[in-house]
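To start, the structure itself, in structure tokens.
The values are calculated or read from the model by the stated rules, or taken from the named source; none is laboratory data. All values reported here derive from a predicted model rather than from experimental measurement. Here the Cβ positions follow ideal geometry from the backbone for every residue, glycine too, while neighbour counts run over all protein chains shown.
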């Protein structure tokens, strides 16, 4: 592959990235301050559940880290430069000056821009959970249902949050549900991922569905939750 420039594969306004062990689109979106949807749009046909080590994908935004005295922000639905200037306490003109070539009337979802002269909002500590960016239509009740936690648990994880005034682009902590982990003396633990079913897991690990059920008392085969820890028996 000598002389082959992977950078040329990606359209303007994005950069190439080589998949490494442990990468997921969710983790990459957090690392590069973008969204999973924006990465998928740049990589038609990508299978989020089968990223290959060494695979080259495109990440929206610029690889440059030039944003002196400010921070990078990823455009989301509903954003305008006026709204961003109000949110972060800077002028529209200063945002334009910090982003040469930006079209104020054609901001693209997933586009990364520099917010100059402002500090990013402080993030709540999130030791036993993950960060989530509020999008239009979100409520704590809907988020609690989606991530299988209680509204009160989300409130507890985000001191000072106003449940009645969630802002698009606001970053909050979603605590992971506390679920008992079944004993697994003759097997190994597995964390449920999107698309998993007991039938698929049985095929993947060469065990029977009934053996998995027996190793996980109380499991609901029809309601597997992403992040749920189960025991995969090895006999």
Only one of these conditions is not met by residue 146: (1) closer than 30 Å to residue 125 by Cβ; (2) part of a loop (DSSP other than H, G, I, E, B). Which number is it?
(2)
Among (1) modelled with pLDDT of 85 or more; (2) within 28 Å of residue 232 (Cβ to Cβ); (3) surrounded by fewer than 17 Cβ atoms within 10 Å (Cβ to Cβ), where does residue 202 come up short?
(3)
Got at least one residue in the range 97-107 being modelled with pLDDT under 85 and part of a helix (DSSP H, G or I)?
yes
Looking only at the range 70-88, count how many residues are surrounded by fewer than 16 Cβ atoms within 10 Å (Cβ to Cβ), at pLDDT 80 or above and either touching a strand residue (DSSP E or B) at 6+ places or on another chain (Cβ under 6 Å) or not in a helix (DSSP H, G or I) (or both).
2
Looking at (1) under 24 Å from the mean Cα position of the chain (by Cα); (2) surrounded by fewer than 19 Cβ atoms within 10 Å (Cβ to Cβ); (3) at pLDDT 80 or above; (4) not assigned by TED's automatic domain parsing to the domain that holds residue 31, which is the only condition residue 50 fails?
(4)
For the range 7-23: of the residues being assigned to a loop (DSSP other than H, G, I, E, B) and loosely packed, with under 15 Cβ neighbours inside 10 Å, which is modelled with the lowest pLDDT?
12
For the range 146-188: of the residues being modelled with pLDDT of 85 or more and closer than 20 Å to residue 219 by Cβ, which is surrounded by the fewest Cβ atoms within 10 Å (Cβ to Cβ)?
188
